[in-house]
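First comes the structure, then the notes that go with it.
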Amino acid sequence: MINRSPLQVTIEHLLGMYRDPAALQLLQTAASVPHKTAMQACYQKDYLLELALDPANPALRTARGTIITDQGYEFFATEIFTSWPEDLAGDAFPLISIRQDNGPGIAWQGTPIDEVERGMIPARTFGPATQGPVARGANLYRVYNEPKIFTWWSGDRSYLDIRAIAQGAACTLSVIVSGIQIDRQTLER
Amino acid sequence: MEANFPLNAQTAAALRAAFVQDQKFRRQYDYTRRIVCLAGQQGSAEIPMPSEGDFQVMGYNIEYQVQQDGAETLFLRFRQQDGARAWSNDLLPVRSIATPGARIAGQPGIRYGYRNFVAYVPKNDLLTIDWDNSDGDEDLELWITFTGNIYPVYG
């Protein structure tokens, strides 16, 4: 037990948070194999989606994109973070929602953008500023680099539908979904 | 599991022995390399990874200094030689992974940041860092420190 890798410890921690039987079985396998195998089979992967937003441009007031996770690998999202490089004054942060188009078919949060803005989440939720002066209304370079822990089992080759609504100012919103990618073949070999 | 573990003289000795063994088995390790991303260009840098043993990356820190005003538009992607495993399919904006949080817009200064990231890197693997600074106005010198554990016995 002492020689468990940090990855196995992480997986075991996640075991207590996830309920899907198939995912649970795979995670239990990952937690019980020799830790070199676990290290080889379970590793982190980042997926990026960038959305251009401009409230003054009707074509860019809303934006939508899809992250497609790799085929042949189970993906277990563990964190989400967002950033936007341009100056956004005050509360001009975009709103986002993330849904999974396949698999369980349950939204991570929020509602489709078609249902107006109800249920959309402020993008800043997915990464609060970690340091530096953040003053309401100040013209700051708002970049958030503290990922929000968000666990979600999305399975093999999943489609993550990300939608955003501009608020107040034009920007390019970067959304990174990061998680553990599990190579089932290596794990069960 | 720990709560049910009977702690007595014998088990304490066993735990000590296991702890000593664990120190041989796994050692913490920092590994720093520097790359330069030229303004207006894109390219790749190949970095030989540790030869002491298999390296489990647990996170990395990126530091660089911006001399001029303006937005930063540098993008990075890490790829391992082993199995052509990429840490991301896309090049990621470095501002998302190496910033000190909110700051005054576009001003020069040091950018830095650490993020947790788990990756298994076999002994003597080659890490390729793809960079894209094609929209940048200045050369950026990046110091990248990978932190994690070395497993000498695997090597």
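The values are calculated or read from the model by the stated rules, or taken from the named source; none is laboratory data. Predicted model, so just to flag it, every value in this text is computed and none were measured. As a convention, Cβ positions derive from the backbone with ideal geometry for all residues, glycine included, and neighbour counts pool all protein chains shown. We work out accessible area using only protein heavy atoms, side chains counted, and drop any ligands, DNA or RNA first. Shrake-Rupley method; radii C 1.70, N 1.55, O 1.52, S 1.80 Å.
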Peptide B:26-33 - average C-beta neighbours from other chains (10 Å radius): 1
Near the amide H of B:V66, under 5 Å away, which other amide H atoms are found, from residues 5 or more places off or on another chain, if H is placed in the peptide plane? B:G109, B:I110, B:R111
Tell me, what ³J(HN,Hα) does each residue in the stretch A:24-31 have, in order and in whole Hz, if you take phi through Karplus 6.51 cos²θ - 1.76 cosθ + 1.60 with θ = phi - 60° and put x for Gly and Pro? 4, 4, 5, 5, 5, 4, 4, 7
Kindly compute the accessible surface that chains B and A hide from a 1.4 Å probe when together, both sides summed, and give it to the nearest 100 Å². 3600
Can you work out the Karplus-derived ³J(HN,Hα) for every residue in the stretch A:55-62? Use 6.51 cos²θ - 1.76 cosθ + 1.60 with θ = phi - 60°, whole Hz, and x for glycine or proline. x, 7, 10, x, 6, 10, 5, 10
Distant-in-sequence amide H partners of A:D156 (H built 1.01 Å from N, under 5 Å): A:F75
Residue by residue through the stretch A:167-182, what is 3J(HN,Hα) from phi via Karplus (6.51 cos²θ - 1.76 cosθ + 1.60, θ = phi - 60°)? Round to whole Hz and write x for glycine and proline. 9, x, 8, 6, 6, 9, 8, 9, 10, 10, 9, 10, x, 8, 9, 10
Of the listed peptides A:163-172, B:121-130, what is their order by residue-averaged count of other C-beta atoms within 10 Å, with the highest listed first? A:163-172, B:121-130
Pop a pseudo-label 7 angstrom from the Cα along the beta-carbon direction at both B:E46 and B:Y112 and give the gap in nm to one decimal. 3.1
